[in-house]
Amino acid sequence: QVQLVESGGGLVHPGGSLRLSCAASGSIGGIYSMSWYRQAPGKQRELVADIVPGRSANYVDSVKGRFTISRDNTKNMVYLQMNSLKPEDTAVYYCSALIRASLVTSASTYWGQGTQVTVSS
């Protein structure tokens, strides 16, 4: 069984910073893409950033230049450094990863439980 657990959310003033972390654990044969999504109240879940080995990270236009996604393959972790936060960044942030549980199984997408980020003065 694969689990993704996020941490690092909270309340921050506009212009502030937060760093989200996501740890993958369990039966992991290989991790391909790792992503951060967010969902604000009344809105659809949107892809914020993703990172695939050997390719440049991808960001939604609204966070380019402010957010940075990174991963530590030795620890099966992905991070999202969020700077210059704005009230419109307020949302539940979800970690997602495409993971193969073993060498003989196909890859599946797994999700974390989400962490709340609130940007408010």
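The values are calculated or read from the model by the stated rules, or taken from the named source; none is laboratory data. Since the structure is predicted, the reported quantities are computational estimates derived from the model, not experimental observations. As a convention, Cβ positions derive from the backbone with ideal geometry for all residues, glycine included, and neighbour counts pool all protein chains shown. These accessible areas exclude ligands, DNA and RNA; they are computed on the full protein's heavy atoms, side chains included. Shrake-Rupley method; radii C 1.70, N 1.55, O 1.52, S 1.80 Å.
Tabulated values for the structure
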| item | result |
| --- | --- |
| Net dipole in debye of the chain [+1 Lys, Arg Cβ; -1 Asp, Glu Cβ; about Cα centre; nearest 20] | 120 |
| Extension gain, Thr118 back to Ala23 (0.36 nm per residue minus Cα-Cα distance, nm) | 32.1 nm |
| Whole-Hz couplings from phi, Karplus 6.51/-1.76/1.60, listed for segment 102-110; x for Gly and Pro | 8, 5, 10, 10, 7, 6, 10, 8, 10 |
| Paramagnetic reach from Ala107 (point 7 Å along Cα→Cβ, amide N under 12 Å) across segment 17-56 | 29-35, 51-55 |
| Leu98-Arg66 FRET efficiency (beta carbon distance; Förster radius 35 Å; 0.05 resolution) | 0.90 |
| Where the chain is the region considered: accessible area per residue in Å², 1.4 Å probe | 53 |
| Surface share of carbon and sulfur [accessible, 1.4 angstrom probe, percent] for the chain | 49 |
| Within-14-Å neighbourhood charge of Asn58 [Cβ basis; K, R +1; D, E -1] | 0 |
| Projected label distance in nm at Ser84 and Gln3, using a 7 Å step from Cα toward the beta-carbon | 3.8 |
| Qualifying aspartates and glutamates (Cα of each under 18 Å from Cα of Lys64; at least 8 residues distant if same chain) | Glu46, Asp50, Glu88, Asp89 |
| Cα shape, the chain, gyration tensor, a/c 1.5 rule | prolate |
